[in-house]
Amino acid sequence: MGNFADEINKRRTFAIISHPDAGKTTLTEKFLLYGGAINLAGSVKGKATARHAVSDWMEIEKERGISVTSSVLQFEYGGFCINILDTPGHQDFSEDTYRTLMAADSAVMVIDASKGVEAQTRKLFKVCVMRRIPIFTFINKMDRDANDTFELLDEIEKELGIATCPINWPIGSGKSFKGVYERETRCVITYSDTEKGTKEGQATRIGIDDKDMLLSHIGEAFQTQLLDEIDLLDGASAEYDLDRIRAGELTPVFFGSALTNFGVEIFLQHFLKMTTTPLPRKADIGLIDPVENNFSAFVFKIQANMNKAHRDRVAFMRICSGKYDASMEVKHVQGGKVMRLSQPQQIMADERKILSEAYAGDIIGVFDPGIFSIGDTLCMPKEQFQYEGIPTFAPEHFARVRQLDTMKRKQFVKGITQIAQEGAIQIFQEFNTGMEEIIVGVVGVLQFDVLKYRLENEYNVDIRLENLPYEHIRWIENKDIDLDKLTGTSDMKKIKDLKGNPLLLFVNQWSVGMTIERNKGLVLSEFGRN
């Protein structure tokens with residue numbers, strides 16, 4: 001038991017979230033560099049010949065230089081086994097990020113020092129607050145001109161409603177960035193540029209009381225400013241309180257530059273001291289403890305065609321409790337089947353490693369023959385419980401899908417169904433028809449491009465999308481409502497999802513209330529459940 005508990009206790013599972021371009025993928029790469037998982041970090045954007053970031057594996061991501069899907073990366077560092085969930089920053093892919101946050105125990109929020117809190121950061125942050133998961137802030141790009149440090153902290157507190165506790169403090173920014181002051185050790189760590197994707201770099205540590213040494217490294221103006229700011233900081237910022245950090249009420253703040261690799265290892269070391277071991281999870285029978293309970297897991301993501309040669313589907317699951325052994329049989333609760341998981345693997349971007357065992361906190365990918373859905377629970381054959389469902393977010397953009405070559409009907413239906421099972425798009429049918437009339441709904445319009453691109457490249461199917469005017473979708477909660485007799489508004493459309501559940505689309509928000517008024521007892525919901 002001891003060894004088994006030790007394995008679980010050394011796991012740390014976190015998601016990295018940010019607005020696009022804040023440097024999240026670069027930071028992820030530098031973590032991997034310290035863990036020895038890669039030898040040279042790749043530049044995310046750049047010329048066609050440039051190396052692509054390890055965590056961006058889909059063709060469209062390489063072309064556009066943005067992360068479209070979440071990657072799962074594992075590495076060892078300092079006696080810990082770390083699982084990083086890298087998420088797409090672009091808001092059109094935020095639904096994938098929401099689901100990924102369900103599988104993490106904490107979140108690292110990356111903020112661009114010259115831009116501060118941006119729209120997407122707010123949205124994702126709310127999900128963290130909803131889940132009460134600890135948030136660690138890395139203010140990036142200090143090698144460029146940055147906003148005033150006090151203003152940055154003030155913005156985090158006001159915009160996100162969370163107290164901040166700076167663990168270190170920057171000295172200058174851009175061309176005059178000198179390094180950071182570490183509050184706990186009362187030392188200045190001088191800035192050294194190691195841009196070429198390597199981890200070597202000489203940083204000098206100088207005690208704050210070593211006035212002469214400090215003066216020679218940072219100059220008189222910065223020395224005076226730093227001493228004034230330290231006085232201000234000690235009086236104004238929230239006290240360091242680990243319990244509040246773990247409750248998601250206080251965010252520790254770090255400064256650095258992921259590109260030049262300054263401050264990344266400092267952040268990683270502090271982060272590992274502050275984060276928790278895998279946390280208990282809520283199920284319909286109560287909390288499931290990671291160490292006390294047998295193996296259990298839930299599916300939070302499904303990805304088709306990770307391997308071009310095999311056209312496969314991989315279900316990603318977070319192990320919530322116990323130990324997984326490749327020889328064991330498990331129960332797929334929603335499907336009611338006892339089975340062996342096929343080809344369990346850990347995935348490092350698009351490289352795979354077949355596993356013989358894994359522990360609570362780990363993320364594993366298993367081959368999915370088409371039986372898993374997002375939110376499904378797996379547990380031991382003699383047990384029966386379900387983890388709480390993952391909400392389906394209401395799409396805001398809709399289009400009718402026209403297939404250009406009707407001879408490829410089979411590939412088309414297969415392709416669009418598989419992409420929908422990944423949760424990136426939702427597909428619906430006209431209320432009284434079969435799969436002839438397909439309507440697709442997405443959270444962000446860029447998803448339409450991805451759908452078209454993937455159907456073309458992965459399934460060899462060309463489509464045309466006709467945008468529809470609808471902006472509001474509602475699930476019908478009452479099972480006994482006769483849809484033929486439903487009195488709606490002129491801008492309402494009746495549709496159904498793949499499971500046959502009835503839904504309503506509206507052009508105008510006010511039509512929703514009007515439809516409820518006209519149909520006694522009708523209950524409409526903004527969220528579906530997986």
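Å³ per residue of the Cα convex hull, for segment 239-339?
Numbers: hull volume 19.5 nm³, N = 101.
Once divided by residue count, the hull of segment 239-339 is 193 Å³.
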Amide H contacts under 5 Å for residue 503, restricted to residues at least 5 apart in sequence or on another chain and with H modeled in the peptide plane, are 495, 496, 497
Of the residues 185, 230, 215, the Cα lying farthest along the dipole of segment 152-288 towards its positive end, which is defined by charges on the beta carbon of Lys, Arg, Asp and Glu, belongs to 185
In the structure shown, of 414/493; 24/301; 414/479; 382/414; 410/479, the pairs separated by more than 23 angstrom at the C-alpha atoms are 414/493; 414/479; 382/414; 410/479
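Between residue 353 and residue 518, what FRET efficiency follows from the Cβ-Cβ distance if R0 is 41 Å, with the result rounded to 0.05?
0.10
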For segment 173-183, Karplus-derived ³J(HN,Hα) couplings (6.51, -1.76, 1.60; θ = phi - 60°; whole Hz; x for glycine and proline) come out as 7, x, 5, 9, 6, 9, x, 10, 9, 8, 5
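At a Förster distance of 56 Å, what's the computed FRET efficiency of residue 388 paired with residue 215, Cβ-Cβ distance as r, to 0.05?
Numbers: r = 57 Å, r/R0 = 1.02.
Given R0 = 56 Å and the Cβ-Cβ separation, E is 0.45.
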Amide H proximity to residue 188 below 5 Å, modelled H, separation 5+ or other chain, gives 182, 206, 207, 208
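Does segment 387-530 come out rounded, prolate or oblate, given a ≥ b ≥ c as the square roots of the eigenvalues of its C-alpha gyration tensor, rounded meaning a/c under 1.5 and, failing that, prolate meaning a/b above b/c? Kindly include the intermediate steps, with their values, before the conclusion.
Values: a/c = 1.95, a/b = 1.76, b/c = 1.11.
Verdict is prolate for segment 387-530.
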Once residue 471 and residue 327 are pulled to full extension, the length gained, defined as 0.36 nm per residue separation minus their Cα-Cα distance, is 47.0 nm
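Determine the dipole magnitude for segment 407-530: charges of +1 sit on the beta-carbon of Lys and Arg, -1 on that of Asp and Glu, nothing else is charged, the reference point is the Cα centre, and the result goes in debye to the nearest 20.
Working: 17 positive and 18 negative charges, 59 e Å.
Dipole size: approximately 280 debye.
Read the figures in this text as sums done on the coordinates, not as results from a lab. As the structure is a computational prediction, the values presented were derived from the model and not from experiment. Positions of Cβ are backbone-derived with ideal geometry, glycine not excepted, and every protein chain shown enters the neighbour counts.
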